[in-house]
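Down below is the structure, laid out as structure tokens.
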């Protein structure tokens, strides 16, 4: 990464970088530089503008992402603690976590892990947000997931445009930077953040052993592995569900499995929704109601849901 | 009025020397006095020195016409300035509320921020009939306001209102939980002794 940043400082050498080095440089810049970005998330026929202020002060990362339309939503980073401020929900802090921000997860993801399921390809250069950019495509090795395109600023490798693309080449969701400023110093608003009182970071409950559950998922797209397994109650309905989160290092999606009670009468067990790159699917599979939610193609969600079966030799 | 008097009048307006009797004549002669006034005004206009109100004998009908002139809706500078001041003030308050520190007020515990969840609710509520026509293909549902359009596929041919609402509740609670789970993607997992219920969260972990 250090070498990459050294090379990129010298005009001309940037051409020698591989796609992976570009992505490494992007991650380095995103976490270390001071910048002020405005971008728009475009999904279906909806555009959501955001403002992104980032700085590094005395070795600590400081960051504020603010939604500009509708009710205020903020994502605040202070070192390794991320706080979510949403007027419609509770204020909430998490330590050492992936930021759930409107930017795609690839900006902070582990490239080594991603490499197992995706290839990184250098494409051409083009002008985006008034700057010269290098297009990098992160292409899945199979069709069970979406591709990610990134247009990186040639001088800093900061993303100025990103897109989630399905296998047909349709853009499902994109992010377009509208204004972009590299800053010499950490902005005052971020220094104020250092003084701000944020809620204490909560810790996430440990995963339960998969052997505790009486179901099994027989098909998972290649490269996806469980990052969390537990049983919890849905906050809104207090419904108890078994929960499985799967990730390939770039995409995280949820699988909920609930055993349908013997006397329970389901009016309509099957639901299927999609919005931009998001898929929502609920299906009755054997004795279970399986729900899959996340940025995966509907076909993948369906195949996974239908692969859920009761464990044949389940015993406690 | 003789041409000579007019010349002298003009000279008077221009502060040139005139014979003393001209002033007397102006005092006595109404027509001459009016002319003097007009000449003065012309001079004022030429020197860009117009009084705030010009009392010309504009016919009442013209004044009426001006009165009845439709109001121009394009804001003038003063108006725009006043508005932008107001906006700035609003933005200031907004900025203040943007401040992280001041945001920790009692917040609604449960809202429908979930994009497509909310969209689903609205999409169904706009339906006037008690039953939904079966939709074998993905059909975009037009959504009012800020919400995402969603595509809905119903697997059963007819649904009544009760089951639609039931479905909405179910979809919403799952999506809210999924969003919460995405916020909890920790790099390193904590061991069980460290685990505690997530603060004000959607989920209560049940250890068995």
Say whether the condition of being touching a residue at least 60 places away in the same chain (Cβ under 8 Å), assigned to a strand (DSSP E or B), within 9 Å of chain B (Cβ to nearest Cβ) and within 22 Å of residue A:178 (Cα to Cα) is met by at least one residue in the stretch A:64-85. yes
If we keep only residues of the stretch B:159-200 that are more than 7 Å from every other protein chain (Cβ to nearest Cβ) and at pLDDT below 50, then the residue surrounded by the most Cβ atoms within 10 Å (Cβ to Cβ) is B:197
Out of (1) within 30 Å of residue A:66 (Cα to Cα); (2) assigned to a loop (DSSP other than H, G, I, E, B); (3) assigned by TED's automatic domain parsing to the domain that holds residue A:54, what's the single condition that is false for residue A:138? (2)
Requiring at least 2 residues that are within 14 Å of residue A:291 (Cα to Cα), the strands (runs of 3 or more DSSP E) wholly within the stretch A:203-247 are A:215-217, A:240-247
Of the criteria (1) outside any strand (DSSP E or B); (2) at negative phi, which one residue A:181 fails: (1)
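Would a scan of the stretch A:101-118 turn up a residue that is in a strand (DSSP E or B) and within 20 Å of residue A:173 (Cα to Cα)?
Of the residues in the stretch A:101-118, the ones in a strand (DSSP E or B) are A:118.
Imposing the further condition that a residue be within 20 Å of residue A:173 (Cα to Cα) reduces the set to A:118.
For the stretch A:101-118, residues in a strand (DSSP E or B) and within 20 Å of residue A:173 (Cα to Cα): present.
Quick check on residue A:215: is it closer than 30 Å to residue A:49 by Cβ, crowded, with 19+ Cβ neighbours inside 10 Å and either within 11 Å of chain B (Cβ to nearest Cβ) or touching a residue at least 40 places away in the same chain (Cβ under 8 Å) (or both)?
On the way: closer than 30 Å to residue A:49 by Cβ: no; crowded, with 19+ Cβ neighbours inside 10 Å: yes; either within 11 Å of chain B (Cβ to nearest Cβ) or touching a residue at least 40 places away in the same chain (Cβ under 8 Å) (or both): yes.
No: the conditions fail for residue A:215.
Does residue A:238 fit the bill of being on the phi > 0 side of the Ramachandran plot and without any contact (Cβ under 8 Å) to a residue 24 or more places away in the chain?
Values: on the phi > 0 side of the Ramachandran plot: yes; without any contact (Cβ under 8 Å) to a residue 24 or more places away in the chain: yes.
Against the criterion (on the phi > 0 side of the Ramachandran plot and without any contact (Cβ under 8 Å) to a residue 24 or more places away in the chain), residue A:238 qualifies.
The values are calculated or read from the model by the stated rules, or taken from the named source; none is laboratory data. Keep in mind the model is a prediction, meaning the values are calculated, not measured. Cβ coordinates were reconstructed from backbone atoms using ideal geometry, including for glycine residues, and neighbour counts include every protein chain displayed.
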